[in-house]
Amino acid sequence: MTTTTKTPAAPGPAPAAGGTVLDATGVTMRFGGLTAVRSVDLTVDSGEIVGLIGPNGAGKTTFFNCLTGLYVPTEGTVKYRGKVLPHRSHLVTMAGVARTFQNIRLFANMTVLENVLVGRHTRTKEGLWSALLRGPGFRKAEQDSENKAMELLEFTGLAAKRDHIARNLAYGEQRKLEIARALASEPGLLLLDEPTAGMNPQETMATQELVRSIRQQGIAVLVIEHDMRFIFNLCDRVAVLVQGEKLVEGTPERVQSDERVVAAYLGTPFEGEPGESEAAEVRAAETGKQEAAEAGQEEGEDQ
């Protein structure tokens, strides 16, 4: 049985509003001879929810990894509030970008509260000696972190389970806990990688309301999801990746009505499809080879 999502007061100070939060330009990621992401441009504005969709293998998670410092892009730049992000995931988090993962990555043997406290590590200033000596400054910082962690557990509806071991939570609650831990770093941009994967309709609806509540705190959200109803009901804009390239971007209404998007999901080729030029070259070469062979055969018959 899962808990319901609540919408209390803002969990800590909201990030500064206004302007572009994320500006990814020409992001390309190659693995040897394979280009997983090719020249993708994407922006997210403050307080905006943007969806990133595409068939399996389209490069969505790879693109996320480029944004969050897990991968160093082969080409392109990623900026947060006008500053180029470093290629280290903990520094990206410190800058103000947090994320969840497609496969839940909680500390399974730690409590719910402890998991959220881990997310506070980039916002605490106490050093090693302060922790060892446990002076008044350290104890105050520790209490402040616990108070903020509890605010987030209230926000996500998990406060009653603060002392439960994370692995014992229901699946939907584990997803919420991962979001609470990401929010503990006080981000201005939250990246969600398939937050409703494996959820039932009630849990999906609760997650949709939770994401909207996050946006109300002034936090921008970029979300990958395969549930099209979830994406189109939630997002202000949607971008579609196909074979590592951005196919189309716009309002949910525009994206839903785009024939190329429908074709991409059904596996139907379309004019201008990423990779179509390469396929056309192959077809031309094969045609030329066949015509040459037929010409040679005719010449032989004439002789």
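The values are calculated or read from the model by the stated rules, or taken from the named source; none is laboratory data. In this text the structure is predicted, and so the values were computed from the model without any measurement. Here the Cβ is made from the backbone with ideal geometry for all residues, glycine too, and neighbour counts use every protein chain on show.
Within this structure, E209 passes the test of being in contact (Cβ under 8 Å) with a residue 40 or more places away in the chain and assigned to a helix (DSSP H, G or I). Restricting attention to the range 75-85, the residues that are in contact (Cβ under 8 Å) with a residue 12 or more places away in the chain and either of a type in the set (A, V, I, L, M, F, W, C) or not in a strand (DSSP E or B) (or both) add up to 4. On the basis of being buried (at least 17 other Cβ atoms within 10 Å of the Cβ), over 16 Å from the mean Cα position of the chain (by Cα) and under 20 Å from E194 (Cβ atoms), does V255 make the cut? It is true that V255 is buried (at least 17 other Cβ atoms within 10 Å of the Cβ), over 16 Å from the mean Cα position of the chain (by Cα) and under 20 Å from E194 (Cβ atoms).
Quick check: anything in the range 124-137 at pLDDT below 80, at positive phi, charged (D, E, K, R) and surrounded by fewer than 16 Cβ atoms within 10 Å (Cβ to Cβ)? Taking every residue of the range 124-137 in turn, at least one turns out to be at pLDDT below 80, at positive phi, charged (D, E, K, R) and surrounded by fewer than 16 Cβ atoms within 10 Å (Cβ to Cβ).
Scan T74, T43 and give me the residue that is within 21 Å of C235 (Cα to Cα) and modelled with pLDDT of 95 or more.
Details: T74 fails: within 21 Å of C235 (Cα to Cα).
One residue alone meets the criteria, T43.
Restricted to the range 261-284, and to residues there that are under 23 Å from the mean Cα position of the chain (by Cα) and assigned to a helix (DSSP H, G or I), the residue that is modelled with the highest pLDDT is V261.
All told, E249 falls short of being touching a Pro at 6+ places or on another chain (Cβ under 7 Å), among the acidic types (D, E) and closer than 18 Å to F63 by Cα.
Name the residue that is surrounded by the most Cβ atoms within 10 Å (Cβ to Cβ), counting only residues in the range 62-82 that are out of contact with any helix residue (DSSP H, G or I) (no Cβ under 7 Å at 6 or more places or on another chain) and more than 16 Å from M29 (Cα to Cα).
We begin by selecting, within the range 62-82, every residue out of contact with any helix residue (DSSP H, G or I) (no Cβ under 7 Å at 6 or more places or on another chain); these are 62-67, 72, 74-77, 79, 81-82.
Checking the rest, the ones that are also more than 16 Å from M29 (Cα to Cα) come to 79, 81-82.
Working: K79: 15, R81: 18, G82: 9.
This residue is R81.
Across the range 86-106, what is the total count of residues that are part of a loop (DSSP other than H, G, I, E, B) and aliphatic (A, V, I, L, M)?
Applying the first criterion (part of a loop (DSSP other than H, G, I, E, B)) to the range 86-106 yields 86-88, 96, 100-106.
Okay, now just the ones that are also aliphatic (A, V, I, L, M), so 104, 106.
Matching residues across the range 86-106 total 2.
Return a yes/no flag: does the range 187-202 have any residue that is in a helix (DSSP H, G or I) and in the same structural domain as N56 (by TED's automatic domain parsing).
Initially, the range 187-202 is screened for residues in a helix (DSSP H, G or I), giving 201-202.
Within this subset, residues satisfying the condition of being in the same structural domain as N56 (by TED's automatic domain parsing) are 201-202.
Taking every residue of the range 187-202 in turn, at least one turns out to be in a helix (DSSP H, G or I) and in the same structural domain as N56 (by TED's automatic domain parsing).
Across the range 215-241, the number of residues qualifying as surrounded by fewer than 24 Cβ atoms within 10 Å (Cβ to Cβ) and within 16 Å of S46 (Cα to Cα) comes to 8.
Can you name the residue in the range 54-102 that is among the aromatic types (F, W, Y) and closer than 24 Å to P252 by Cβ and is also nearest to the chain's Cα centre (by Cα) among such residues? Walk me through it before giving the result.
Start the filter on the range 54-102 by keeping residues that are among the aromatic types (F, W, Y), which leaves 63-64, 71, 80, 101.
From what is left, the residues that are closer than 24 Å to P252 by Cβ are 63-64.
Numbers: F63: 8, F64: 5 Å.
It comes out as F64.
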